[in-house]
Amino acid sequence: MRDLTSELLELVRFTSTNLPPDVEKALRAAYEREAPGSAARGALETILKNVEMTRRNSTPICQDTGTPIFFVRYPEGYSPRRLREQIKAAVAEATKKSYLRPNAVDSLSGKNTGNNLGDEHFPTIHFEETDGDTLTVELMLKGGGCENVGAQYSLPDNTLKAGRDLEGVRRAVLDAVWKAQGEGCAPGFLGVSIGGDRGSSYVASKEALLRPVDDTNPDPELAALENRLTQEANQLGIGPMGFGGEASVLGTKITATHRLPASFFVTISYMCWAYRRRKMIVTGDQVTYE
Amino acid sequence: MPVQVNLPISDDVIRSLQVGDSVLLSGVMITGRDAVHKWLVDTFIKKTRPPAGDDLAVYEAIRPLLNGGVIYHCGPVVAGLDTKEYRFVAAGPTTSIREEPYQGDVFRHFNAKGAIGKGGMGPKTLQACQEVPAVYFHAIGGAAALIAESVKRVLGVYKLDFGVPEAIWVIEVKDFPAVVTMDAHGNSLHETVRRQSKAVLDQLIP
């Protein structure tokens, strides 16, 4: 197995500094919808300028470079242990190069490790062995502002009149969007997981955010709910940065996983507009990024 | 057109600012977020812990900067950490509501004229804004490179042992862009949006 540290460093740099085209496209469309002269339109104009600037200058889009969350799919023959070492080395080097802010803080002492390496959960790395001979490493950088407004509901929820069905899911998601207001750096994107246990549901809600902004859920019922939730979230009028306006949520991605008979969780991961996720694909000697 | 606001800010200027005003801030300010606010309140305002180490020296150094000044809720990406020739690479605002328990007391204690952050703050801070007077400046969350361009110089740093994001960075800014979303007259854009969006929510999920 070859050493991929420098290729992984490039993945981190690319993710932190270069917003994916599907996200930028959604932001541009949102900008067009806001009223000329409004604070909402001004905010989106600033955001789009910032996106162009960081792509050009190779600097972080946002100073909160977030939790580095890696999703690794490796073919037989790769060593997850060695990949982990290489990922950690790349993350530490990216921090030295100012592509990442030192973000790993000891929860007891309050001490920042200074290099983004914490315990075995920081950075977060999910491994999955796959068929074929292609290694893919997806990286999501998720900032604290949007992570803090994520929410998990256990249905039924009496105060929301949310039962164990898709109408209950809808109620929970809209409640979470309202509670978030502009604090998660709206306009945001919603990753929603139905089912699972508390832990797996949060992971699934983040995995849902790996989907392209403009794709369609293969399940027609979930596809319809995704569209409806995006539309209704925007009716709330929270707007960019919570300034009021048309664009509060630019996309909703829902996934359903199996659950216990006793549990029905709805988990919402809110992603800020700085929706940083990129992929590295390794086949033989060839390494590409998208 | 944005209003040019120079630091330190007089009470007259603060009172003239209204919710919705775009401003360009210029002058010297300090950053401070979760660790700094808790440290200031515990050590110098509520005095639940005695000053230790360089606490008193840092307090004396930042007092004149906060008097008439503003505190920026920001945990920057900083280059030049090894050479101490510091440069802000990315420096957008962090979510301000976490400082809600502390902010009003910090404004009063230091006669600070405002905070810069994102997401807005709550009733305690709005109350202090009316008393001191002070305002809340909303910067564009995530616009980190653009805002870093307005940071002309890093003049120094205190409490680096809090970590790079949590340290007190003393910076000179020119035309730092922000929008007033809470003013000294009791108005809060965040309160308005929250109320209006709640009415819509109640219709969507009756």
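Where a number appears in this text, it was derived from the coordinates with a stated rule and is not lab data. Quantities reported herein were computed from a predicted structural model and do not represent experimental measurements. Note that each Cβ is placed from the backbone with ideal geometry, even for glycine, and that neighbours are counted across all protein chains shown.
Details
- Cα gyration tensor, the stretch A:161-290 - rounded (a/c under 1.5), prolate or oblate: oblate
- Choice from A:Gly118, A:Gly242, A:Gly150 showing the highest fluctuation, given a GNM over chain A with Cα pairs closer than 10 Å: A:Gly118
- Per-residue ellipticity at 222 nm computed for chain B from its helices equals -9500 deg cm²/dmol, with DSSP H segments shorter than 4 residues left out and the rest contributing -39,500 (n - 2.57).
- Within chain B, percent of DSSP bridges classed antiparallel, to nearest 5: 60 percent
- Pairwise Cα distances in the stretch B:86-206 exceed 22 Å for 43 percent of all pairs.
- The base-10 log of I(q)/I(0) for the protein assembly as shown, evaluated at q = 0.08, 0.09 Å⁻¹, reads -0.48, -0.62 [Debye formula, identical scatterers on Cα atoms, solvent excluded].
- Estimated [θ] at 222 nm from DSSP helical runs (n ≥ 4, -39500 (n - 2.57)) normalised by residues in chain A, nearest 500: -12000 deg cm²/dmol
- Amide hydrogen neighbours beyond the local backbone of A:Arg259, cut-off 5 Å, H modeled: A:Gly196
- Reachable aspartates and glutamates from A:Lys161, criterion Cα separation under 19 angstrom, eight or more residues apart if same chain: A:Asp175, A:Glu232, B:Asp202
- Largest GNM mean-square fluctuation among B:Gly142, B:Gly75, B:Gly117, using chain B with Cα springs under 10 Å: B:Gly142.
- log10 of Debye I(q)/I(0), alpha-carbon scatterers only, for the stretch A:31-139 at 0.11, 0.12, 0.16, 0.18 Å⁻¹: -0.52, -0.60, -0.85, -0.94
- Residues whose placed amide H lies under 5 Å from that of A:Gly244, excluding near-sequence neighbours: A:Gly239
- Going from the residue with the fewest nearby Cβ atoms within 10 Å to the one with the most, A:Asp22, B:Asp54, A:Asp214, B:Asp34 rank A:Asp214, B:Asp54, A:Asp22, B:Asp34.
- Going by neighbour counts of Cβ atoms within 10 Å, the residues B:His73, A:His126, A:His258 line up, fewest first, as A:His258, A:His126, B:His73.
- log10 of Debye I(q)/I(0), alpha-carbon scatterers only, for chain A at 0.12 Å⁻¹: -0.79
- Convex hull volume per residue in cubic angstrom - Cα atoms of the stretch A:68-192: 165 Å³
- Close amide-amide hydrogen proximity is noted between A:Gly150 and A:Tyr270, each under 5 Å apart and 5 or more residues distant or on a separate chain (H modeled in the peptide plane; Pro and chain starts excluded).
- Converting phi to 3J(HN,Hα) with the Karplus coefficients 6.51, -1.76 and 1.60 and the offset θ = phi - 60°, the stretch A:104-115 yields 8, 10, 5, 5, 8, 8, x, 7, 8, 5, x, 10 Hz in sequence order, with x at every glycine or proline.
- Separation of the stretch A:1-62 and the stretch A:114-177, taken as the distance between their Cα centroids, equals 21 angstrom.
- Lysine pairs meeting the criterion (Cα under 24 Å, 8 or more apart or interchain), as found in the stretch B:96-206: 10
- Whether the stretch B:23-159 is rounded, prolate or oblate, judged on the alpha carbon gyration tensor where a/c under 1.5 counts as rounded: oblate
- With both labels modelled 7 Å from their Cα along Cα-to-Cβ, the A:Glu120 to A:Ser263 distance reads 2.0 nm.
- Relative to the longest principal axis of the Cα atoms of chain A, the long axis of helix A:166-180 lies at roughly 80 degrees.
- Residue of B:Ala52, B:Ala35, B:Ala144 that the Gaussian network model of chain B assigns the largest fluctuation, springs spanning Cα pairs under 10 Å: B:Ala52
- Per-residue Cβ neighbour rank within 10 angstrom, fewest leading, A:Met140, A:Met1, A:Met271: A:Met1, A:Met140, A:Met271
- Over the stretch B:1-94, the reciprocal of the mean inverse Cα-Cα separation, the Kirkwood hydrodynamic radius, stands at 15.6 Å.
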